[in-house]
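The values are calculated or read from the model by the stated rules, or taken from the named source; none is laboratory data. Computed from a predicted model, the values in this text were never measured in an experiment. Every residue, glycine as well, gets a Cβ built from its backbone with ideal geometry; the counts of neighbours run over all protein chains shown. Keep in mind that these areas ignore ligands, DNA and RNA; they rest on the heavy atoms of the full protein, side chains included. Shrake-Rupley method; radii C 1.70, N 1.55, O 1.52, S 1.80 Å.
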Amino acid sequence: MHEDCYHKMYLNEEHHWWFKSRVDIVKKLLGLFVSDIENKKIIDAGCGTSFLSKNVSPNIANIYNVDNSELSLDYSKRRGMANIVRSDLNNMPFNDGDFDICICMDVIEHNQDDRRLVYELARVLKKDGLIVAAVPALQSLWGPQDVKLGHFRRYSTQEFSELFRDNFEILKISYFNSLL
């Protein structure tokens, strides 16, 4: 993404319904499956400007913001995030089972080897860890915006669940944009 895109996103996230709604959805999902979230170690894989990770837990000291973009991480620093790591998401510098929760929103579709990425997310999560992930839905909706954003694909719920089946027990899968 270009610097002006990050800047616009950073300025709009706190006010725009789309970003605020995504925070609400992620918080509700975490609330269904996780207790005592402020004491959980969380990785936001592909954190962008860290708006989401700053708002999912009252304890941002337990959140690790990981992205391969220096621009992204600069905006994460502006948000006051402490644990900022520049890394390729397919080969992260964490030990096996380091995290209780992984958030990976609108990232997997940008990775050419999506299976490798999901394997890496599973590796850094504890065996009973939880992942909340979102991707653009349905290849039939593919358009110029996907090309502009650097997407490799879109997913049906079946395709997305197959991507996770080997490493995760799927607790919930749906098309959440219809909720918005």
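Scanning segment 58-68 for residues that are open to solvent by less than 10 Å² (accessible area, probe 1.4 Å) and touching a residue at least 24 places away in the same chain (Cβ under 8 Å) returns a single hit, VAL66. Collect the residues in segment 124-154 that are farther than 22 Å from SER50 by Cα and touching a Gly at 6+ places or on another chain (Cβ under 8 Å), keeping them in residue-number order. Passing the criteria: LYS126, LYS127. All conditions in (1) in a helix (DSSP H, G or I); (2) modelled with pLDDT of 90 or more hold for GLN145, with the sole exception of (2).
Can you tell me which residue among GLY48, GLY31 is within 17 Å of the chain's Cα centre (by Cα), open to solvent by 20 Å² or more (accessible area, probe 1.4 Å) and of a type outside the set (S, T, N, Q)? Don't jump to the end; show me each part of the working.
Numbers: GLY48 fails: open to solvent by 20 Å² or more (accessible area, probe 1.4 Å).
Just one listed residue meets the conditions, GLY31.
Of all residues in segment 30-57, those that are more than 20 Å from TRP18 (Cβ to Cβ) have Cβ atoms under 6 Å from Cβ atoms of residues that are outside any helix (DSSP H, G or I) and of a type in the set (Asp, Glu), 6 or more apart or on another chain, in LYS40/ASP100; LYS41/ASP100. Within segment 11-23, identify whether any single residue is touching a strand residue (DSSP E or B) at 6+ places or on another chain (Cβ under 7 Å) and open to solvent by less than 50 Å² (accessible area, probe 1.4 Å), and answer yes or no. Yes, segment 11-23 contains a residue that is touching a strand residue (DSSP E or B) at 6+ places or on another chain (Cβ under 7 Å) and open to solvent by less than 50 Å² (accessible area, probe 1.4 Å).
For ASN12, the test of being among the polar types (S, T, N, Q) and closer than 22 Å to LYS126 by Cβ is failed. Could you go through segment 33-46 and let me know if any residue there is at pLDDT 95 or above and of a type in the set (Asp, Glu). Yes, segment 33-46 contains at least one residue that is at pLDDT 95 or above and of a type in the set (Asp, Glu). Screening segment 88-121 for residues that are assigned to a helix (DSSP H, G or I) and open to solvent by 20 Å² or more (accessible area, probe 1.4 Å) and picking the one that is farthest from VAL66 (Cα to Cα) gives ARG115. How many residues are touching a strand residue (DSSP E or B) at 6+ places or on another chain (Cβ under 7 Å) and surrounded by fewer than 17 Cβ atoms within 10 Å (Cβ to Cβ) if we restrict to segment 69-84? The number of residues fulfilling the criteria is 2. In this structure, GLU38 does not qualify as assigned to a loop (DSSP other than H, G, I, E, B), open to solvent by 60 Å² or more (accessible area, probe 1.4 Å) and on the phi < 0 side of the Ramachandran plot.
Taken over segment 46-73, the criterion of being polar (S, T, N, Q), touching a helix residue (DSSP H, G or I) at 6+ places or on another chain (Cβ under 9 Å) and either under 20 Å from GLU14 (Cα atoms) or not in a helix (DSSP H, G or I) (or both) is satisfied by THR49, SER50, SER53, ASN55, SER57, ASN59, ASN65, SER69, SER72. If you go through segment 133-171 and keep only what is buried (at least 17 other Cβ atoms within 10 Å of the Cβ) and either farther than 25 Å from LYS28 by Cβ or without any contact (Cβ under 8 Å) to a residue 12 or more places away in the chain (or both), you end up with just HIS151.
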